Amino acid sequence: MTNFKEDILQITTRLIVEEGFDYSEAKQKAGSMLKPNKRHKTKLNNFPTNLEIEKSVREYLQIFYWEDLNNRVNLLRKIAINLMRELKTFGPILIGELSRDIATEYTILRICVFSDSSKEVLMHFLENDVKTEVLQLKHPFHRSSVEALGCEWEGHEVIVYCLNHSDKNLCSKGLSIKTLQQIIGNEGREEK
């Protein structure tokens, strides 16, 4: 009989890659599939960590979607860099699964920008005729909430987290334009 945590990890991975669930939703769904009786609580240490899930998702994609993974990562990086260039005055950084070389058909581009107000970023989008939705989301690095802007850029869904300048120290948790350009440039040389 297999271990509960391994079963949860396998189901969670499949839900993320094949059905577009986020990590938290996938863990909950997998838990309810294996333990449909909610009266039996499962300890949190019986569930895989996000790092374990990320590793499993990467392995799954490399095994079953190797060519798609590379093509999708390269395409989304190019879209991300175009948007980051557009938002350059706000010091954008790419975060999320794409910054860690993971991309499924459900990947949403996640970019953090730094400004005194999300209204500055919103006005920038409106001046460039980009339809934008104002959102209140969980801060990507803290437990608090933050304003974000949802939009479509070059046909792909994007979330732009509007962070305060005081959060600039978080830049190391994402990829800057310069770093992303270097990655794209290095991969271009490797393909030749």
Under 20 Å, Cα to Cα: Lys pairs in the range 51-188, sequence gap 8 or more or different chains: 15
Mean ellipticity per residue at 222 nm, deg cm²/dmol - from DSSP H runs of n ≥ 4 across the chain, formula -39500 (n - 2.57): -15000 deg cm²/dmol
Residue-count net charge about residue 21 - beta-carbon cut-off 13 Å; Lys, Arg +1, Asp, Glu -1: -3
Based on the alpha-carbon set only, what is the convex hull volume of the chain divided per residue, in Å³? 141
Rounded to one decimal in nm, the spacing of the 7 Å Cα→Cβ label points at residue 22 and residue 75 is 2.4
Accessible area per residue, 1.4 Å probe, Å², for the chain: what's the number? 61
Debye log10 I(q)/I(0) for the range 95-192, one point scatterer per Cα, at q = 0.17 Å⁻¹: -0.85
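The values are calculated or read from the model by the stated rules, or taken from the named source; none is laboratory data. In this text the structure is predicted, and so the values were computed from the model without any measurement. Don't worry about glycine lacking a Cβ; one is built from the backbone with ideal geometry, like all the others, and counts go over all protein chains shown. Ligands, DNA and RNA are excluded from the accessible area calculation, which covers all protein heavy atoms including side chains. Shrake-Rupley method; radii C 1.70, N 1.55, O 1.52, S 1.80 Å.
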